[in-house]
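The numbers here are math on the coordinates, done by the rules we state, and not lab data. This one's a predicted model, so the numbers in the text were calculated from it and none came from an experiment. Ideal geometry is used to build each Cβ from the backbone, glycine not excepted, and the neighbour counts take in all protein chains shown.
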């Protein structure tokens, strides 16, 4: 599988392997409402080009199909999932999961254990409005941490069934963490775009029993 990514010349010249910076440095919290919040940490991963290329080549990407009303349609992105017992596709993702579990230990109360990956090949690939409500997150507060590599895309958020309230531009190596009641009381999406954008991969870290 091949992809064309306009990489970071600074990262490519300075780093040989992907490296994670401190989670808390440069982290800012958006309080969506009294119970829901989003943390944003730009540039968490250095040498993100290297990780992107590795994931494109080594992750077992698969296309999914889904029932939509009276027909079955292609899901507009490629996906892969790593359970708690599955080795992650690059060592830096093990480090990322450990650092996130440590940083959010007091608020989260348990470690991140799984990783779901989505590969957005062009601006036509997307994910519709949804909350991660499969499993315990339907009734309990939880966190979903997303590391983004590749070309920038928009992550939009809105209260359930409401209008778009926030548009976050996720860039190459950026981290976003959705916490509190965000999955139950808010929805998020990566909308399609007519702009000529390159490929992007998101890595979503979750706790046990949440999808």
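Find how many whole Å separate the alpha carbon centroid of the range 113-170 from the alpha carbon centroid of the range 171-190.
5 Å
Divide by every residue of the chain the summed helix terms, -39500 (n - 2.57) for each DSSP H run of at least 4, and state the resulting mean residue ellipticity at 222 nm, rounded to the nearest 500 deg cm²/dmol.
After summing the helix terms and dividing by residue count, I get -4500 deg cm²/dmol.
Be a star and scan the range 181-211 for residues whose amide nitrogen sits under 12 Å from the point 7 Å along the Cα-to-Cβ vector of residue 64.
Correct set: 211.
Using only the Cα atoms of the range 23-66, build the gyration tensor, take square roots of its eigenvalues as a ≥ b ≥ c, and label the shape rounded, prolate or oblate: rounded if a/c is under 1.5, else prolate if a/b is larger than b/c, else oblate.
Numbers: a/c = 5.50, a/b = 1.48, b/c = 3.71.
In terms of gyration-tensor shape, oblate.
Determine, from the Cβ-Cβ distance of residue 17 and residue 102 and an R0 of 30 Å, the FRET efficiency 1/(1 + (r/R0)^6), rounded to the nearest 0.05. Don't skip to the end; give the middle numbers.
Working: r = 21 Å, r/R0 = 0.70.
It comes to 0.90.
Answer rounded, prolate or oblate for the chain, using the Cα gyration tensor with square roots of eigenvalues a ≥ b ≥ c: rounded when a/c is under 1.5, else prolate when a/b is larger than b/c, else oblate.
Rounded, since a/c falls under 1.5.
Please say if the range 129-195 is rounded, prolate or oblate, where rounded means a/c under 1.5 for a ≥ b ≥ c the square roots of the C-alpha gyration tensor eigenvalues, and otherwise the choice is prolate for a/b larger than b/c and oblate otherwise?
Oblate shape, in that a/c is at least 1.5 and b/c is the bigger or equal ratio.
Could you identify which residue out of 183, 151, 31 has the top mean-square fluctuation in a GNM of the chain using Cα springs shorter than 10 Å?
Most flexible of the set in this elastic network: 31.
How much length is gained on full extension from residue 57 to residue 211, taking 0.36 nm per residue of separation minus their Cα-Cα distance?
Details: separation 154, 0.36 × 154 = 55.44 nm, distance 2.45 nm.
Once the chain is fully extended between residue 57 and residue 211, it gains 53.0 nm.
Output the relative contact order of the range 149-211, whole-number percent, from Cα pairs under 8 angstrom with separation of 6+ residues.
42 percent
Explain nothing, just the number: relative contact order of the range 20-206, from Cα pairs under 8 Å at least 6 residues apart, as a whole percent.
RCO, the range 20-206: 28 percent.
In nanometres, what is the gap between the two model label sites at residue 31 and residue 185, each 7 Å from Cα along Cα-to-Cβ?
For the pair residue 31/residue 185, the computed spacing is 1.2 nm.
Between residue 139 and residue 84, what length comes free when the chain is fully extended (0.36 nm per residue of separation minus the Cα-Cα distance, one decimal in nm)? Numbers along the way, then the final one.
Details: separation 55, 0.36 × 55 = 19.80 nm, distance 2.16 nm.
Contour length minus the Cα-Cα distance gives 17.6 nm.
With each pseudo-label sitting 7 Å past Cα toward Cβ, what's the residue 129-residue 167 distance in nm, one decimal?
Each label point lies 7 Å from its Cα, and together they span 1.6 nm.
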